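Engineer: Before I ask anything, let me first share the structure, which is written out below as structure tokens.
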Amino acid sequence: MCAMAYSVPDLPYPYEALEPHISADTMRFHHDKHHQAYVDKANAALAGTGLEDAPPQEILTRLTELPPDKRDAVRDNVGGHHNHTLFWESMTPGGAGKPAREGKLAGAIRETFGSFAGLTDTIKQAALSQFGSGWAWLVHDGYRVLIVTTSNQDSPLTDGLHPLLGIDVWEHAYYLDYENRRPDYVDAWLNVVDWDVVEQRYAAAPVPDVSDILLRSVTVCSVERRFGEVNADDARQHSTELKALAGWGPMAKIGSVARGWGDLATTMQKRNAATVADLDPGIVERAAIELWIVPPDRSMV
């Protein structure tokens, strides 16, 4: 008989470390009982599938390969194991402030939510809007960060999203401390989020290889240069020049490209990027497509 694939990881801090926001009793009940139940059922559901030793993140992206009679149990329990593992690691005694202001995560947050306060307000509203049991997540889709919710123990991975931070809004996560007052629990939980860990997950999120795109030659403001060397001022000025041409004869469709260069300049400013090469790869790829820099069979403007 083979050994079980999964086990409940130890907490990275004592049970009482998150008090007064989350009590030791809740942590013991949630970690030792609920997480253990997901692990036990996940191991049972995976038996005989050939995926017993596969990482949860891999399994949650391959659910359709499982026999139909196994699929729901694997999704619920492998999802529960993976979600909870992320949850314990996402918290720290006293919290870890907020993302570094000049860091890439902070720039992504500003671009999507306007500010860190905008992010926390949005994730709180998402957590409160989730009907019944589930999660509210900060995720990365390869281009940007956004907030989504999932029901029960569904994982964002199943939808091709990379989870950065998740708040468990099942009642077992807070009932001993807050009874049915979910808003009080969410407010308390925001005090113990480890943003350093979230930043590390953001840095490790899967992204496309854009090395070839960064080396492509583009003509900006009548000067030829590498796309990766373009700065925000270059992009803004080029946008202005192209807008002046829009609507004239063969240049009638250039307006959308002009807007693309303007959007690129705004993105670089929000993300404190000195050049295009400093942007996240997903953004570089998206911008290159919008600006007709790729695919290679498209003509350049």
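Engineer: So for the stretch 145-168 (the condition being under 30 Å from Arg236 (Cβ atoms) and not in a strand (DSSP E or B)), does at least one residue qualify?
Structural biologist: No, the stretch 145-168 contains no residue that is under 30 Å from Arg236 (Cβ atoms) and not in a strand (DSSP E or B).
Engineer: Then there's this: Does the stretch 78-86 contain at least one residue that is open to solvent by 20 Å² or more (accessible area, probe 1.4 Å), farther than 30 Å from Ala45 by Cβ and either in contact with a strand residue (DSSP E or B) (Cβ under 9 Å, 6 or more places away or on another chain) or not charged (D, E, K, R) (or both)?
Structural biologist: no
Engineer: Looking at Asp177, Asp184, Asp154, can you tell me which residue is closer than 26 Å to Leu86 by Cβ and within 19 Å of the chain's Cα centre (by Cα)? Please lay out each step first, then the result.
Structural biologist: Numbers: Asp177 fails: within 19 Å of the chain's Cα centre (by Cα); Asp184 fails: within 19 Å of the chain's Cα centre (by Cα).
So the residue among Asp177, Asp184, Asp154 that is closer than 26 Å to Leu86 by Cβ and within 19 Å of the chain's Cα centre (by Cα) is Asp154.
Engineer: Kindly indicate the residue of the stretch 212-228 that is of a type in the set (Val, Ile, Thr) and surrounded by 15 or more Cβ atoms within 10 Å (Cβ to Cβ) and also farthest from the chain's Cα centre (by Cα) among those meeting that condition.
Structural biologist: The selected residue is Val220.
Engineer: Inside the stretch 229-273, can you point out the residues that are open to solvent by less than 40 Å² (accessible area, probe 1.4 Å) and at pLDDT below 85?
Structural biologist: Hits for the stretch 229-273 are Ala246, Ile254, Gly255.
Engineer: Separate question: Does Ala73 satisfy the criteria of being farther than 23 Å from Gly134 by Cα and small (Gly, Ala, Ser)? Outline the logic, then answer.
Structural biologist: On the way: farther than 23 Å from Gly134 by Cα: no; small (Gly, Ala, Ser): yes.
Here the answer is no, as Ala73 does not meet what is asked.
Engineer: Still on this model: Hey, among Leu190, Leu157, Leu161, which residue is in contact with an Asp or Glu (Cβ under 8 Å, 6 or more places away or on another chain) and either farther than 30 Å from Glu102 by Cα or open to solvent by less than 60 Å² (accessible area, probe 1.4 Å) (or both)?
Structural biologist: Leu161
Engineer: Could you figure out which of (1) closer than 24 Å to Val169 by Cβ; (2) in contact (Cβ under 8 Å) with a residue 40 or more places away in the chain; (3) open to solvent by less than 10 Å² (accessible area, probe 1.4 Å) isn't true of Val139?
Structural biologist: Here Val139 clears every test but (2).
Engineer: Name the residue that is least open to solvent (accessible area, probe 1.4 Å), counting only residues in the stretch 34-49 that are out of contact with any Lys or Arg (no Cβ under 7 Å at 6 or more places or on another chain) and more than 14 Å from His81 (Cβ to Cβ).
Structural biologist: Filtering the stretch 34-49 for residues that are out of contact with any Lys or Arg (no Cβ under 7 Å at 6 or more places or on another chain) and more than 14 Å from His81 (Cβ to Cβ), the one least open to solvent (accessible area, probe 1.4 Å) comes out as Ala47.
Engineer: Here is a further query. Hey, does the stretch 99-106 have a residue that's open to solvent by less than 40 Å² (accessible area, probe 1.4 Å) and within 30 Å of Glu52 (Cα to Cα)?
Structural biologist: Within the stretch 99-106, not a single residue is open to solvent by less than 40 Å² (accessible area, probe 1.4 Å) and within 30 Å of Glu52 (Cα to Cα).
Engineer: Here's a follow-up. Go through (1) crowded, with 21+ Cβ neighbours inside 10 Å; (2) of a type outside the set (S, T, N, Q); (3) free of Cβ contacts under 8 Å to residues at least 40 places away in the same chain; (4) over 18 Å from Leu157 (Cα atoms) and name the single condition Pro14 misses.
Structural biologist: Among (1) crowded, with 21+ Cβ neighbours inside 10 Å; (2) of a type outside the set (S, T, N, Q); (3) free of Cβ contacts under 8 Å to residues at least 40 places away in the same chain; (4) over 18 Å from Leu157 (Cα atoms), the lone unmet condition for Pro14 is (1).
Engineer: If a residue counts only when it is modelled with pLDDT of 95 or more and more than 24 Å from the chain's Cα centre (by Cα), which helices (runs of 4 or more DSSP H) contained entirely in the stretch 9-101 have at least 1 such residues?
Structural biologist: Because the criterion is at least 1 residues that are modelled with pLDDT of 95 or more and more than 24 Å from the chain's Cα centre (by Cα), the helices (runs of 4 or more DSSP H) in the stretch 9-101 that meet it are 24-27, 36-46, 68-89.
Engineer: May I pose another question? Out of curiosity, is Val198 part of a helix (DSSP H, G or I), within 12 Å of the chain's Cα centre (by Cα) and touching a residue at least 12 places away in the same chain (Cβ under 8 Å)?
Structural biologist: yes
Engineer: Given the criteria acidic (Asp, Glu), over 18 Å from Met91 (Cβ atoms) and open to solvent by 30 Å² or more (accessible area, probe 1.4 Å), does Glu52 qualify?
Structural biologist: So Glu52 passes the test.
The values are calculated or read from the model by the stated rules, or taken from the named source; none is laboratory data. Predicted model only: the values in this text are computed from it and were never measured. Positions of Cβ are backbone-derived with ideal geometry, glycine not excepted, and every protein chain shown enters the neighbour counts. Accessible surface areas use protein heavy atoms only, side chains included; no ligands, DNA or RNA. Shrake-Rupley method; radii C 1.70, N 1.55, O 1.52, S 1.80 Å.
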